[in-house]
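Heads up, the thing below is written out as structure tokens.
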Amino acid sequence: MRNLTRLPEFILLGLSSRPEDQKPLFALFLIMYLVTLLGNLLIILVIRSDSQLQNPMYFFLSILSFADICYTTVIVPKMLVNFLSDTKTIFYAECLAQMYFFLVFGNMDSYLLAAMAIDRYVAICNPFHYVTVMNHKRCMLLVIFSIVFSCLHSLLHVLMVNRLTFCASNVIHHFFCDVNPVLKLACSSTSVNEVVAMTEGLASVMAPFACIVISYLRIFIAVLNIPSAAGKHKAFSTCSSHLTVVTLFYGSISYVYFQPLSKYTVKDRIATIIYTVLTSMLNPFIYSLRNKDMKRGLEKLISKIKSEMDRLSTTTINKIHGP
């Protein structure tokens, strides 16, 4: 028996232990990570560069894109290194740090999705007071609350994991330091951790989800009262992208976490990919492909980049050939 607080090292088993799977998985997740970075950075640049996109919905979307970049960066780079490594180790302190930031940005995603649902509710159900209700100060307060609460929530769970002792096996049956797989390695009792996870943890996840459900129930009732079919379609189209992301995110989270610790299996690793990597990668496509404003903003950004490149090339040519 060995105490991992004295030998601070875990081994991340990953998605597959077969050597022949490592390089294909490395290539797949590298592409997904690069697409996630490029797509979300592009969303942020489009929103920041277009004055017509300076409203609460796109403000929340830009923060969500930033959180998604951080969310995947906490997990995927270490995952990619382990695909090409024989040891696949992670230090105890590094594991707790990864767990902390994973929980921070995961909870931020959850609360930002709730803020976006509130924004859609006010825009559809109370359009005449939209500017005053969703003012910049209130939007900033929602973002600050999501950050502060996420940090405190994550700190609680990481401190509770840190008080445990670990012995015998140091192999984490996952591709990153998630709470449940780490708890399964503990020698000391994890009953307090499980109680906190099923009370405070459940409340922190269900509170924004309940906010989203209530907002969309009110939206659905308001849309049904719109007399024209075109008006109904327009109202629903503004919510479809957000609803798609909410379904992917909360569907996979509920499958993984709303079950006893003893039932945590390899299927949960696959489900975890949906809300940690896949949703973050798909968000830019979901929010931009069916959004005319985002398409227009993207076209304007591309034209600005082209014109700037043309100007720089012309300047360079003039410098080479002289006046």
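The values are calculated or read from the model by the stated rules, or taken from the named source; none is laboratory data. A quick note: this is a predicted structure, and the numbers were derived from the prediction, not measured. We place every Cβ from the backbone using ideal geometry, glycine too, and count neighbours over all the protein chains shown. Heads up: the accessible areas ignore ligands, DNA and RNA and are worked out on the full protein's heavy atoms, side chains in. Shrake-Rupley method; radii C 1.70, N 1.55, O 1.52, S 1.80 Å.
For the reader, a short list of remarks on this structure follows.
- Residues A97 and I221, FRET efficiency given R0 of 51 Å [Cβ-Cβ distance, rounded to 0.05]: 0.70
- Note on K137 and A230: the model spin-label points, each 7 Å out from Cα along the C-beta direction, lie 3.9 nm apart.
- Packing order of peptides 177-190, 108-121, highest average first: 108-121, 177-190 (average count of other Cβ atoms within 10 Å over each peptide's residues).
- Taking segment 9-307 and dividing mean pair separation by its residue count, relative contact order in percent (alpha carbons under 8 Å, at least six apart): 28
- At a probe radius of 1.4 angstrom, the accessible area of the chain per residue rounds to 51 square angstrom.
- For segment 195-210, backbone phi angles converted through the Karplus equation (6.51, -1.76, 1.60; θ = phi - 60°) give residue-by-residue couplings of 5, 5, 5, 7, 10, 5, x, 5, 5, 5, 7, 6, 4, x, 5, 4 Hz, Gly and Pro being listed as x.
- Spacing of the two label points (7 Å from each Cα toward its C-beta) at A210 and I273, in nm: 3.5
- Above-threshold pairs, the threshold being 22 Å between Cα atoms, out of K23/K78; K137/K300; K88/K184; K234/K295: K137/K300
- Charge dipole of segment 1-108 (Cα centre as origin; +1 on each Lys and Arg Cβ, -1 on each Asp and Glu Cβ, all else neutral): 220 debye, rounded to the nearest 20.
- Of R269, R311, the order by accessible heavy-atom surface (1.4 Å probe, DNA, RNA and ligands excluded), from most exposed downward, is R311, R269.
- Direction-averaged projected area, Cα convex hull, the chain: 22.3 nm², rounded to one decimal.
- Between helix 279-289 and the chain: long-axis angle, C-alpha atoms, 0 to 90°, nearest 10: 10
- Taking the square roots of five times each eigenvalue of the Cα gyration tensor of segment 36-184, the equivalent ellipsoid has semi-axes of 37, 18, 10 Å, listed largest first.
- Top positive-direction residue, dipole computed over the chain with Cβ charges, set T199, Y71, H242: H242
- Protein-only accessible surface at a 1.4 angstrom probe places the residues I226, I212 in the order I226, I212, largest first.
- Segment 1-115, Cα convex hull volume normalised per residue, Å³: 112
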